[in-house]
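Student: One structure is given below, represented as structure tokens, and several questions about it will come after.
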Amino acid sequence: MPDHAEPPQTPPPGSAEAVAAPRASRRPVKAVLFDFHGTLAQVEEPRQWVLEAAAACGVSLDRVRATSLADRLLTAGRAGGPLPARVPPRLAELWADRDLYPHAHRGAYTGLAETVDAGIEGFADALYERLLTAEGWLPYPDTGPTLSALREAGVRVGVVSNIGFDLRPLFDAWGLTELVDAFVLSYEVGRCKPDPAIFLRACGMLGVDPEQTLMVGDTPADAGAVAAGCAVLVLPAADPGRENGLGAVLDLALPA
């Protein structure tokens, strides 16, 4: 999900400091922490999101109108998508707290959607509800195999996300819950990445030392785990349905 706070002075993605292989100078990896959006899963294609939300409101859109609405909604700000071009003053407080409180997350994103006049009653809420379903997301093809390989090797796994709703039902629907040892969600723990406290909390929940932990994500906020003492792997962006390099996690975390 879009990160709650601007990152501190952390190494840029892809730098030698940010992408730290743990073998040469660190202890063996006993746990891997994963970001959610952009790392393990991606939101569905925008036009499909709009079509499904409209259908939930009893409205059938043609693809041209759906594409136009999707473009406008992306500019306004979509959860799991680009940051809004502008946050209206009336939504500023909700936006600031969106990853700390469920009501703020819903209010911020439905409020942004309502700035786009779709002429469909209940459309903004339907767009948000789609976000809460497993069908509204696409796990990357290498997510399941990577988590399975870590579980088989006895490496602990945590999901660390800046988010305002529960991810567990999505993992249940995908059959991946048993491969995750802890969900560390910002709205539950009261801390957002890149605050080192959220990574330290994750390590504590997994019972591992930060120096034995690898954080895997796709943004500078995920690289904030360096300040907590973790190694970090920052992956490149990838479109839904395409592998995003998660296999590199196994090269770093598992013994040769």
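The values are calculated or read from the model by the stated rules, or taken from the named source; none is laboratory data. As the structure is a computational prediction, the values presented were derived from the model and not from experiment. So basically every Cβ, Gly included, is an ideal-geometry build from the backbone, and we count neighbours across all protein chains shown. These area figures cover heavy atoms from the full protein model, side chains too; ligands, DNA and RNA do not enter into them. Shrake-Rupley method; radii C 1.70, N 1.55, O 1.52, S 1.80 Å.
Student: Which one is farthest from ALA41 (Cα to Cα) among residues in region 189-209 that are open to solvent by less than 30 Å² (accessible area, probe 1.4 Å) and more than 18 Å from the chain's Cα centre (by Cα)?
Tutor: VAL208
Student: Of ARG86, ARG106, ARG78, which residue is under 19 Å from the mean Cα position of the chain (by Cα), in a loop (DSSP other than H, G, I, E, B) and among the basic types (Lys, Arg)?
Tutor: Values: ARG86 fails: under 19 Å from the mean Cα position of the chain (by Cα); ARG106 fails: in a loop (DSSP other than H, G, I, E, B).
That would be ARG78, the only listed residue that is under 19 Å from the mean Cα position of the chain (by Cα), in a loop (DSSP other than H, G, I, E, B) and among the basic types (Lys, Arg).
Student: Considering only region 213-234, state which residues are farther than 22 Å from GLY154 by Cα and either of a type in the set (Ser, Thr, Tyr) or open to solvent by 10 Å² or more (accessible area, probe 1.4 Å) (or both).
Tutor: Passing the criteria: ASP218, THR219, PRO220, VAL226, ALA227, ALA228, VAL234.
Student: Tell me whether region 176-188 contains one or more residues that are modelled with pLDDT of 95 or more and closer than 23 Å to GLU45 by Cβ. Break it down stepwise before answering.
Tutor: Within region 176-188, the subset modelled with pLDDT of 95 or more is 176-188.
This time we only want the ones that are closer than 23 Å to GLU45 by Cβ, so: 176.
Yes: one or more hits.
Student: Out of all the residues in region 89-103, which are buried (at least 16 other Cβ atoms within 10 Å of the Cβ) and more than 21 Å from the chain's Cα centre (by Cα)? Show your work before the answer.
Tutor: In the first step, residues of region 89-103 are kept if they are buried (at least 16 other Cβ atoms within 10 Å of the Cβ); the result is 91, 94-95, 97-101.
Hit for region 89-103 is LEU91, nothing else.
Student: Counting only residues that are buried (at least 22 other Cβ atoms within 10 Å of the Cβ) and of a type in the set (Gly, Ala, Ser), how many does region 127-170 have?
Tutor: Going through region 127-170 one residue at a time, the tally reaches 3.
Student: Which residue, of ALA70, ALA55, ALA124, is small (Gly, Ala, Ser), open to solvent by 50 Å² or more (accessible area, probe 1.4 Å) and outside any loop (DSSP other than H, G, I, E, B)? Quick ask: steps written out before the conclusion?
Tutor: Numbers: ALA70 fails: open to solvent by 50 Å² or more (accessible area, probe 1.4 Å); ALA124 fails: open to solvent by 50 Å² or more (accessible area, probe 1.4 Å).
When all the criteria are applied, what remains is ALA55.
Student: Would you check if there is a residue in region 153-173 being closer than 22 Å to PRO82 by Cα, out of contact with any Pro (no Cβ under 9 Å at 6 or more places or on another chain) and among the acidic types (Asp, Glu)?
Tutor: Let us first name the residues in region 153-173 that are closer than 22 Å to PRO82 by Cα, namely 159-167, 170.
Checking which are out of contact with any Pro (no Cβ under 9 Å at 6 or more places or on another chain) leaves us with 159-161, 163, 167.
Applying the additional criterion that residues be among the acidic types (Asp, Glu) yields none.
No, region 153-173 has no match at all.
Student: Shifting gears a bit: Taking the stated definitions as given, is GLY38 within 19 Å of the chain's Cα centre (by Cα), surrounded by fewer than 22 Cβ atoms within 10 Å (Cβ to Cβ), closer than 26 Å to VAL184 by Cα and not assigned by the TED database to the domain that holds ALA237?
Tutor: Details: within 19 Å of the chain's Cα centre (by Cα): yes; surrounded by fewer than 22 Cβ atoms within 10 Å (Cβ to Cβ): yes; closer than 26 Å to VAL184 by Cα: yes; not assigned by the TED database to the domain that holds ALA237: no.
Criteria not met by GLY38.
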